[in-house]
Structure formats: C-alpha cells, structure tokens
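Working notes, beginning with the structure itself.
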Amino acid sequence: MSMKFSSKYLEQAVEALSELPSVGKKSALRLALHLINDESEKTKRIAQSLITLKENITRCKTCNNLADTDTCDICLSESRRRNIICVVENVRDVMAIEDTQQYSGIYHVLGGVISPLEGIGPEDLSIQLLKDRVEQGQVDELIMGLSPTIDGETTIYYLSKILSDTDVKISLIARGVAFGGELEYADELTIARSIQSRIPYLAGQ
Amino acid sequence: MEEIAIKDTRLYQYRNFDNVKLGFDAKLNVVVGRNGMGKTNLLDSIHYVCIGKSYFSSGDRYIFKDSSPDFSLISKISVGQADSLVKVICKKTTKKSLSINDKVHDRLSDHLGNFPIVVVAPNDTLLLLNTSDERRKLIDRSISQCSPSYLKQIIEYNHLLKQRNSLLKSSKEKGFLNTIVLDSISERMYPLAMDIFERRKSFTAELSKNFEAHYQKFSSANESCSCSYLSQLEEYSLMELFRRDLEKDKVLGRTSSGIHKDDLNFIINDEKLKPFASQGQLKSFIMSLKLAQYECLKTNLGIQPILILDDVFDKLDKYRVEDLLEIVLGDHIGQVFISDTSEERIPGILKNKQQKARIIVVHEGLIQNSYDI
C-alpha cells in the first residue's frame, strides 16, 4: 500500500512508527496525526521517556532480568528466597509470574530458547551465567518455567544435561488441563500428560 | 458401524466455483462434465470439509478463485443420527478458520478423524515413484485420521529433525559441533521415533492384510502380492543409527537416518512393483490399496468413511466399470462420490441396474443440472 503524504515530516514519522512490531502503516498514521493534534507536551514526554529508557536500561548481572542498575529489584530484595531459581525465557514471563504474587524465589532470564533453525545456540543465551550461579552452590532447586513448546523442551533437556554433575534439583512447572477449562475440550496430548503426572489431592487446597 | 454422509455443501469463491449450493445422495453421487469444468474441484471441496485441507493442492493460496480475497465452504454432514455443520472460512489476510457447529477448531489435528475419507485419483501412481514421500504420506494420512495424537508426534519429530539438520549444517560451516545440543535434540527424537515406528508398523500390517485380500479380487490372473513396511528402526534404535551415522551426518550437514526414511514396499508376483507396470496391474494395485486403506479406517474408527473416486473410470472398459461400481455400491462402503467425463456412461449403467443415485452435471464452474435416477 502506498500513501501520499503532503508533508515530508509526517511521512518520516509514519515510516519510523511503522518500524515497530504490530504497527502497520495505517496505525502509524493514526498515531502520528494524534500527536500532531495534541496540544500538550505529550510528544516530548513520549520521546524523552523512550530515550531515557534506551540509554539507561541494563541487564541484571545476576539473573539477566531488565534493571535500572546492575542488580534488579528482585535480586536485591531481602524477602526473596535465594535457594530457588525459576528459569524463564524472557522478561515478560518474569512479569507474568510476579503478577500472581505466588512466587518468592528469584529468577533467571535466558533470553530465548535453543533453536538452531533461528541461529540461536546455548552461547547466545545466558546459560553460562546460570551454570555459574548453580555451581556457586547456593541453589537447591531450579524451576523450569519455559513454555512447553518443542524448542522449550529441547532447552530444558539441554540444561538438565549440562547441570547433571551438580546436585541441584530440577523441577518443571505443571502442565495439564487449564484452570477453568473443560476436560472434554482439552487436546489428547494434554489430557494424557495430565493423567500421567497427576498430583495427590489435598482437601482445601 | 456409523454411517457418515455429506448432506449438502456450499462453495463460495472456491477454485472455479463462484457461489454454488448443492445437495447429495446418501449413497452414490456422480459428478459428470467435460475436462476442466470443475469436477475435481467439487470433489476436492468434499475432502476439504472432511479433513480441513485440500487433497490436490499443497497450499490454500491455489484455491482462491481469480483475485478473490476469500473462499468458504459450508457443509452439513451427518454421522449416525446427528448432523454437524462444518464451516471453513479462509481469507488471504488471516489464518483460516474451521468450525463444527460454530465451535472453532484451533488446530487441524482436532478436526481429523471426525469425518474419515479416502480418495482415489489419477495422481495415485505417484505412489510408485522412486522417492518414498508419497508412500509415507499414505501411511501418515491414514494413521492421523485414526489418531490425532499421531499427527502431533509427526509434527514434533519433523520440527526436531529440522533443528537437528540446521545444527549440523551450521556446525559444518563453523567447523564446530556442540554435541550436547545435538544430543539434546536427538534424545528427544528418540521416543517419538519409537512411537511412530510402532504405529506405522502395526498400521502397515493391517493394511497389508486387507491389500492382499482386495488384490486377489481385482486381478484376473492369479497373482500374488504383498505390501511391507521398511524402516531402519527394524534393526537399530534411533540412537544407534544416529551414533553410527554421526560422521556422515556431519559431512552432509543433515540427518541421514531415521523414520523420515521409512518406506513401503509393494511386491507383485515376487517382483517390486514399478511405475511402468502394466495398466491393468497399476489400476488393480491402486484400487486394492485404497480399498485396504478404507477398510483400515473403518475398523479403527467404527465409521464408514466417505469414498471419492476421481477420474478412475476413464480408461476402463465397460466390464471393468461395472465391476468397480458393483464393489463400491456394496453395503461395506458408505457414501461415494464419483467423477466421470461421460455424461451418459455411468448414469446408463446405473439405470440398467435400477440403482438410485444423484447425477450432478458440472459446466464451467456452475451446476448445470442435478437430478436423481
């Protein structure tokens, strides 16, 4: 689709905005027009906050989570249990688990999963950092919080292999019938897995 | 045994059909018309609603009529006493949606096995080519209709295979192979390969039994025949194969052994059946194989599948046509769809037999006429 612009500035702004994921040309135009018509300092505020973000954000040196300083708030927190690490793919997964307020351990953000097809090998992920953490000996358990995709499973398998000479306990987040879901609509594989890895029933849980 | 029948279907912007709605006979439907009028397209639309994809094209992009942005198929299908409304809506811009009674099926594998179907078509001779793809496709298509989890295993195995190949290839370029990553992929392929092997093996055994029985009926001469499953896993486990071929795989930059090399072997009179076998042998072979597949699906699912015979009557003489009709009209076969270029031949034979049927005359993407005899 080609758009005819009456202004070079507008065209550049639309081009720039549409470089963002899930923003097409039309949405970009709408956003740009919105900013033109806005009489407050909105454009400046947005631009400034993005620049500040980009210039200041860093990675936690312990867990590879996004942070403002070299250690993230979770790793700094006194109330967190340091002997349990939940291994996740990316920062969004940390936020999803944090939102539940059910987890008091700390994290390790891999930054992706192993996928030779996409050119992602162990050296492209923060796997060495995780190994170092485990080998320091303070960790009792690693919870594999990776998505149950084919590549996620391969990555878990790989991690368990390279950590097999340590005595860390490796566990896996439960997979099965979704809460609030109906059994008959769950797929065969999920049901089979749920039956295989059933858990003891505790009344009142 | 439950009967399954397509009651009616509506094709919208599907290949050369603009917007057509038509009803079917519960037993026999004969689509007639000259070449290129849309007979195969009509039969393919039946396969599409049953399986969720085309039998004849490898992708949906070939199905859109001219420059139409979308196509849809809506069919009422009865299984036993219950009617289901199957809707396929495919747009160029979004993912296609497939629903049964307005409940959307997210994955194609959820749809498989509900409406089993067997297709016999001229391109079935591809089964005799040197490459084994078509023969594996025949096995995979059949087993996945019986067990949706099989399809998932195949998809998973193929994905891991691609990862493994890609690792081998990039390692060849880099001159360094991370064997722990390789093992992580290989060891996950292992249980899948075992399962797929077992399922293919038991399916082929069943198929072979039925195939031999049918072939005896078809071939006039007393020919012996058999069909057997060939797999490297018969002798070695996947891990043994991978270990054995590791050096070779490193040089090739791909995986040279595994269940993706499985094959079927067809033997007629102690000789391997070749693509240049006699026409009679070929026709008997394909019909027997497809009817054997039909039989296997029927026993495993407890449903009489739909049978599609596209253009198979073309080069047959009158007697063979009658023989074949006799077989498909039997009680052991459910609803049948046949296409033929002659408007008179099959309807003529059916009238003589006083066999009820729906005749559908297709002309340039339109239903010119549809009548019962």
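The values are calculated or read from the model by the stated rules, or taken from the named source; none is laboratory data. Remember, it's a predicted structure, so these values are computed and weren't measured experimentally. Here Cβ is always computed from backbone atoms with ideal geometry, including for glycine, and neighbour counts include all displayed protein chains. SASA here: full protein model, heavy atoms, side chains in, ligands and nucleic acids out. Shrake-Rupley method; radii C 1.70, N 1.55, O 1.52, S 1.80 Å.
Screening A:GLN102 on (1) of a type in the set (S, T, N, Q); (2) outside any loop (DSSP other than H, G, I, E, B); (3) more than 11 Å from chain B (Cβ to nearest Cβ); (4) without any contact (Cβ under 8 Å) to a residue 24 or more places away in the chain shows it passes everything except condition (2). Here is a check on your reading of the model: is B:ILE51 closer than 21 Å to B:GLY302 by Cβ, open to solvent by 10 Å² or more (accessible area, probe 1.4 Å) and within 14 Å of chain A (Cβ to nearest Cβ)? Here the answer is no, as B:ILE51 does not meet what is asked.
Going through region A:155-185 one residue at a time, which ones are over 30 Å from B:ARG164 (Cα atoms) and small (Gly, Ala, Ser)? I'd like the intermediate steps shown before the answer.
Of region A:155-185, the ones over 30 Å from B:ARG164 (Cα atoms) are A:177-185.
Across region A:155-185, the qualifying residues are A:ALA178, A:GLY180, A:GLY181.
Within region A:119-141, if we keep just the residues that are more than 9 Å from chain B (Cβ to nearest Cβ) and free of Cβ contacts under 8 Å to residues at least 12 places away in the same chain, the residue that is surrounded by the most Cβ atoms within 10 Å (Cβ to Cβ) turns out to be A:ILE120. A residue that is away from chain A (no Cβ under 11 Å), crowded, with 16+ Cβ neighbours inside 10 Å, of a type in the set (Ser, Thr, Tyr) and out of contact with any Leu (no Cβ under 7 Å at 6 or more places or on another chain) occurs somewhere in region B:121-139. Criterion first (open to solvent by 40 Å² or more (accessible area, probe 1.4 Å), farther than 19 Å from A:ARG82 by Cβ and away from every other protein chain (no Cβ under 14 Å)) does A:GLY111 satisfy it? For A:GLY111, the condition - open to solvent by 40 Å² or more (accessible area, probe 1.4 Å), farther than 19 Å from A:ARG82 by Cβ and away from every other protein chain (no Cβ under 14 Å) - is met.
A:ILE170 fulfils the conditions (1) within 23 Å of A:ILE97 (Cα to Cα); (2) open to solvent by less than 60 Å² (accessible area, probe 1.4 Å) except for a single criterion, (2). Restricting to region B:329-350, name every residue that is touching a residue at least 24 places away in the same chain (Cβ under 8 Å) and in a helix (DSSP H, G or I). If the condition is that a residue be touching a residue at least 24 places away in the same chain (Cβ under 8 Å) and in a helix (DSSP H, G or I), then B:ARG345, B:ILE346, B:PRO347, B:ILE349, B:LEU350 are the ones that fit.
Is at least one residue of region B:72-82 free of Cβ contacts under 8 Å to residues at least 60 places away in the same chain, open to solvent by 20 Å² or more (accessible area, probe 1.4 Å) and closer than 18 Å to B:GLN335 by Cα? Write out each step before concluding.
Start the filter on region B:72-82 by keeping residues that are free of Cβ contacts under 8 Å to residues at least 60 places away in the same chain, which leaves B:81-82.
Narrowing the set further to residues that are open to solvent by 20 Å² or more (accessible area, probe 1.4 Å) leaves B:81-82.
Among the residues that remain, those that are also closer than 18 Å to B:GLN335 by Cα are: B:81-82.
Looking for residues that are free of Cβ contacts under 8 Å to residues at least 60 places away in the same chain, open to solvent by 20 Å² or more (accessible area, probe 1.4 Å) and closer than 18 Å to B:GLN335 by Cα, one finds at least one in region B:72-82, hence yes.
Is one or more of the residues making up region A:55-62 out of contact with any strand residue (DSSP E or B) (no Cβ under 7 Å at 6 or more places or on another chain), open to solvent by less than 80 Å² (accessible area, probe 1.4 Å) and within 29 Å of A:THR155 (Cβ to Cβ)?
The initial filter retains those residues of region A:55-62 that are out of contact with any strand residue (DSSP E or B) (no Cβ under 7 Å at 6 or more places or on another chain), namely A:55-56, A:61-62.
Then drop every residue that is not open to solvent by less than 80 Å² (accessible area, probe 1.4 Å), which leaves A:62.
Within this subset, residues satisfying the condition of being within 29 Å of A:THR155 (Cβ to Cβ) are A:62.
The answer is yes; a qualifying residue exists.
For (1) in contact with a Ser or Thr (Cβ under 6 Å, 6 or more places away or on another chain); (2) within 14 Å of chain A (Cβ to nearest Cβ); (3) assigned to a helix (DSSP H, G or I); (4) under 26 Å from B:ASN300 (Cα atoms), each residue gets a yes or a no:
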site: B:SER72; (1), (2), (3), (4): no, no, no, no
site: B:SER75; (1), (2), (3), (4): yes, no, no, yes
site: B:LYS95; (1), (2), (3), (4): no, no, no, no
site: B:SER99; (1), (2), (3), (4): no, yes, no, yes
site: B:ASN114; (1), (2), (3), (4): no, yes, no, yes
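Within region B:152-166, which residues are open to solvent by 40 Å² or more (accessible area, probe 1.4 Å) and either assigned by TED's automatic domain parsing to the domain that holds B:ARG107 or among the hydrophobic types (A, V, I, L, M, F, W, C) (or both)? The answer is B:ILE155, and nothing else.
Would you be able to say whether some residue in region A:184-192 is surrounded by 16 or more Cβ atoms within 10 Å (Cβ to Cβ) and assigned to a strand (DSSP E or B)? No, because not a single residue in region A:184-192 is surrounded by 16 or more Cβ atoms within 10 Å (Cβ to Cβ) and assigned to a strand (DSSP E or B).
Here A:ARG80 fulfils each of the conditions (1) surrounded by fewer than 18 Cβ atoms within 10 Å (Cβ to Cβ); (2) in a helix (DSSP H, G or I); (3) touching a Ser or Thr at 6+ places or on another chain (Cβ under 7 Å) apart from (2). Cβ separations smaller than 8 Å between residues 6+ apart or across chains give the following pairs from region A:142-167 residues that are open to solvent by 20 Å² or more (accessible area, probe 1.4 Å) to residues that are outside any helix (DSSP H, G or I) and of a type in the set (D, E, K, R): A:SER147/A:GLU89; A:PRO148/A:ARG175. Among all positions in region A:15-31, there is no residue which is open to solvent by less than 70 Å² (accessible area, probe 1.4 Å) and closer than 23 Å to A:LYS169 by Cα. The single condition among (1) within 14 Å of another protein chain (Cβ to nearest Cβ); (2) not in a helix (DSSP H, G or I); (3) not β-branched (Val, Ile, Thr) that A:GLY176 does not meet is (1).
Each residue in region A:109-125 was checked for being assigned to a loop (DSSP other than H, G, I, E, B) and farther than 19 Å from B:LEU177 by Cα, and 3 of them qualify. Count of region B:330-350 residues, restricted to those that are under 24 Å from B:LYS7 (Cβ atoms) and either buried (at least 16 other Cβ atoms within 10 Å of the Cβ) or among the basic types (Lys, Arg) (or both), is 11.
For region B:201-227, filtered to residues that are among the hydroxyl-bearing types (Ser, Thr, Tyr) and either closer than 24 Å to B:MET189 by Cα or not assigned by TED's automatic domain parsing to the domain that holds B:ILE143 (or both), the residue that is farthest from the chain's Cα centre (by Cα) is B:SER202.
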